[in-house]
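Enquirer: The structure that follows is given in the form of structure tokens.
The values are calculated or read from the model by the stated rules, or taken from the named source; none is laboratory data. Just so you know, these numbers come straight off a predicted model, no measurement behind them. Glycine gets a Cβ as well: all are built from the backbone with ideal geometry, and neighbour counts include every protein chain shown. The area values use the complete protein model at the heavy-atom level, side chains included, leaving out ligands, DNA and RNA. Shrake-Rupley method; radii C 1.70, N 1.55, O 1.52, S 1.80 Å.
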Amino acid sequence: MHDLASHLRFAARQLRRNPGFSLTAILTLAIGIGATTAIFSIFYAVLLRPLPFPKPEQLATVSVLTYPPHSGMSAIGVPEVVSYPDFFDWRSKNHSFESLASYTSLTATANSGNAARILSGSTVSANFFHVLGASPVIGRSFTPDEEKPGNRSVILSHELWVSDFNASPSVVGKTIKLFDDLYTVIGVMPTDFSFPIQTPPPSFWITPARDAEGKSPATGQRGWMQLDTIGRLKPGVSTAQAETEMNAIQAEQAKQYPNEDLNNRGARVVPEAESITGDVRPALRILFAAVAALLLISCANVAGLLLARGSGRQAELAVRAALGASRREVVFQLLGESLVLSAIGGVVGTVLAVFMLKGLLHLVPTGVPRVAEASIDGTVLAFTVGVSLLTGIVFGLLPARRLSRLDPVLALRDGSRTSTAGSKQHRLHSALVVAETAVGLVLLIGAGLLIRSFLHTVAVDPGFNPSRMLTFRVGLSSKRYKEDADRLAFYRQLLSKLQALPGVQSATAAFPLPLSGSNITLTFDIEGRPHAPGDSPVARASIVEPSFFQTMGIPILRGRTFSENEDQPKGPPVIIINQAFARKYFPGEDPIGKRIQPGFSDDDGKKPMCEIIAVTGDVKRVQTTESPSPEYYMPYAPANITSPYYAIRVAGDPSSYVNSVRASVLSLDSEAPVYRIHTFDELLALNSAQSRFQTMLLTAFAAIALLLAAVGLYAVLSYMVVQRTHELGLRMALGAQRGNVLKLVLNRGLRLAIIGVAIGVAVSALLTRFLGTLLYGVKPLDPITFVAVSVVLLIVSALASLIPAARAASLDPMTTLRDQ
């Protein structure tokens, strides 16, 4: 222990004597360690941190898998939400789970005095908190009886308890107005509880009592698929075993209810932590691999610096060896210097990581689960300490081993710079440059692919014109707007007021709007084409106002839009389809005039046959990168969705119309809140936010890697010039032209760069396939990207080689030979 402490003290003194070298090495390490720590803090929070519930490994998500018709279970199923009746069957018939719970997100109009606002909440089964192992800090959880119609119990989030009830400990028994009904508070959740994970987080939780009410309650409709399901597995039961049982229950349901479109469905059971983070896992893993590669480049650079510095210490080390220092002692001395460097680099890197993390959290797109939990905590600090020690060993071991093998006699002899040991040391230095060039090229190619993919993403035609458009929703009271006619009158009056606003070119209403985050998928029947029970064709559906296509800029390719007469509660049953619908279900035919029967009942409970009157262009409904899907449009008035999306197209800046929109709504209903108000440019930006984030981050890492690779090449060539000064001077004295010397050094640098590029291209060809799920419009082996990035790296390498080459060419041969 004493020897280690003395080695470290001696190492610190050595580093103080060389402040320029120490500062360069520390900053190089700090950048690598800081970036790695910041990314790891996000990686750990999102992917590795256990869920904040007892025995989180027992929690699992259960979802329906829908397979393509007639494919059986051989194809890839699409995970979907489940209906109440299916959930009730799962809950009562399974033996794999201790208990199963359901939940679904919702928004509610909350009234406090004269102000109305929209709150985000969740409808959960009574056993929801029991499944999670969570309990209110005040009050109690739900009981099974509170799922029955007529119940109005609510559990508050800690934030809502503080904001609306001043954190009163006697809140239980008080009421809050939601959906124009008084709900009785029965509990308050802890400050750190927030589940389900949604944006914004839930402010309250209620039971399915509301969904069990009305003429056709949602709790009795197998086609009303809106529920997510979470369960706690019994001890010893795996997700695979549970999935086998849930598939058997699904098959039994398909036989029991042959008319409910339950064929081609299975079940999927995955750990809850994996379910929560499934969409972001590939991107975070790639970013973490990228930042680890950046750290390796930093280590290679510092190792090169140590080798270069070691060339000037050969005499010192030789004297120590001649005086009796063992090779082991020399290695420990040099490793001690490396560990001191890495420790200081780790401290500085941790400080950098704090600021980097703050910046990253501002850039992370909304919807990344649990990212708010990212912090430089004990686990992350332990990781940083481990990384710092590991980097100290990695970049210090090779130079230490190489320098410790010096022959004291050769090292002290004149001209030792050209000795065999020096040549080996130079080859090692060159190998490090080749390695960091190759790793840098891998990062650059990955960044190049993501940049090209992102450019394709933002350039894609969404199928409508998003410029100068504002969209929003309005929360209407379910008690004051009980009748369909009342809601229809409000929507028409509001559209008239919006249309009359100065600068508004067009206004419309629909549910859902493209890129709004909402979606409807309904079955339908084609007249004259019978199908087997439970095997109905499926398409997306939208309910739109007649001006929808004009306002949105969606082209009518054939036919016409809805007329005012058709947009009436009892109007003629007509429908409009998109191109993808026509291609799939009417290939080679003219669909105009044909009839389909949507899986959507009118007020009388009937499903009328609707005549197709038009074909429109395809619209990107959920993601701009999605393939066109079959979709049909129905007039708004017959369906009369309670809360449609509104959209206006204006002549100027759409964000300047926010106050005018709110004033128009308030003039009709002073208690109706306006929410989800966005420009379509904002929606498009949100749609590409994750792609932008990962592209920007990987590009930043690649740029740093390119800079470090250039610095590494510059260092090795400068080192070579110093080592070969006598040789170069002799060459010039014997007649070599300055241009020849310049070419010699440049060729050396470009040769190293070309070898690194060749290795990097080969490695990239193997690794870029892991980027496949993140790319759009570009292939992982895109030749344009590979060639362009390689050329850029070679150009930068040539520039980095130019300064040492120019220095070598400017040597005065007489002075050089005299000094030697």
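Enquirer: Using the Karplus curve 6.51 cos²θ - 1.76 cosθ + 1.60 with θ = phi - 60°, work out ³J(HN,Hα) for each residue of region 355-363 in order, rounded to whole Hz, and write x for Gly and Pro.
Expert: For region 355-363, the Karplus curve yields 6, 4, 5, 4, x, 5, 5, 6, 8 Hz.
Enquirer: Next question, about the same structure. Obtain the nm distance between the two label points defined at Ile754 and Arg49 by a simple spin-label model: each point lies 7 Å from its Cα along the Cα-to-C-beta direction.
Expert: Between Ile754 and Arg49, the simple spin-label model gives 5.1 nm.
Enquirer: Kindly give Rg over Rh for region 505-604, based on alpha-carbon atoms, with the Kirkwood expression for the hydrodynamic radius. Display every interim value, and only then the final one.
Expert: Working: Rg = 14.4 Å, Rh = 15.1 Å.
On the Cα set of region 505-604, Rg over Rh gives 0.95.
Enquirer: Could you tell me how far the Cα centroid of region 497-561 sits from the Cα centroid of region 140-187, in Å?
Expert: 38
Enquirer: Could you sort 688-695, 53-60 so that the peptide with the highest average Cβ count within 10 Å comes first and the rest follow in order?
Expert: On the way: 688-695: 19.8, 53-60: 16.5.
Listed from highest to lowest mean packing, they are 688-695, 53-60.
Enquirer: Along Cα→Cβ, 7 Å out, is where each label goes; now give me the distance between the ones at Leu522 and Gln493 in nm to one decimal.
Expert: 2.7
Enquirer: I've got another one for you. So, for region 451-505, what is the accessible surface per residue at a probe of 1.4 Å, expressed in square angstrom? Display every interim value, and only then the final one.
Expert: Values: 2630 Å² over 55 residues.
The answer is 48 Å² per residue.
Enquirer: Here's something else I'd like to know. May I ask you to rank Tyr44, Tyr776, Tyr646 by accessible area, largest first, using a 1.4 Å probe over the protein chains only?
Expert: Details: Tyr44 35, Tyr776 65, Tyr646 5 Å².
The ordering from most to least exposed comes out as Tyr776, Tyr44, Tyr646.
Enquirer: If you build the Cα gyration tensor of region 229-303 and take the root of 5 times each eigenvalue, what three semi-axes come out, in whole angstrom, biggest first? Write out the running numbers ahead of the final one.
Expert: On the way: eigenvalues 393, 45, 14 Å².
So the equivalent ellipsoid measures 44, 15, 9 Å along its semi-axes.
Enquirer: So which of Lys255/Lys594; Lys215/Lys607; Lys594/Lys620; Lys215/Lys255; Lys358/Lys620; Lys148/Lys174 end up more than 23 Å apart by C-alpha? Don't jump to the answer; show the numbers that get you there.
Expert: Values: Lys255/Lys594 32 Å; Lys215/Lys607 17 Å; Lys594/Lys620 25 Å; Lys215/Lys255 27 Å; Lys358/Lys620 33 Å; Lys148/Lys174 21 Å.
In this structure, Lys255/Lys594; Lys594/Lys620; Lys215/Lys255; Lys358/Lys620 lie more than 23 Å apart at Cα.
Enquirer: Give me the percent of accessible area attributable to carbon and sulfur for region 102-159, probe 1.4 angstrom. Could the numbers behind the result be given before it?
Expert: Details: 1140 of 2320 Å².
Ligands and nucleic acids excluded, carbon and sulfur reach 49 percent.
Enquirer: Report for region 142-227 the percent antiparallel among DSSP-assigned beta bridges with both residues inside it, nearest 5.
Expert: Working: 7 of 11 bridges.
Among the beta bridges of region 142-227, antiparallel pairing accounts for roughly 65 percent.
Enquirer: Residue by residue through region 18-29, what is 3J(HN,Hα) from phi via Karplus (6.51 cos²θ - 1.76 cosθ + 1.60, θ = phi - 60°)? Round to whole Hz and write x for glycine and proline.
Expert: For region 18-29, the Karplus curve yields 10, x, x, 4, 4, 5, 4, 5, 5, 5, 4, 5 Hz.
Enquirer: How large is the accessible surface per residue of region 119-180, computed with a 1.4 Å probe and reported in Å² as a whole number? Intermediate results must be reported in sequence, preceding the final value.
Expert: Working: 2620 Å² over 62 residues.
Averaged over the residues of region 119-180, the accessible area is 42 Å².
Enquirer: Can you give me the % of accessible surface on region 465-551 that is carbon or sulfur? Probe 1.4 Å, all protein chains present, nothing else counted. Let's see the in-between values first.
Expert: Working: 1760 of 3440 Å².
Carbon with sulfur: 51 percent of the solvent-accessible area.
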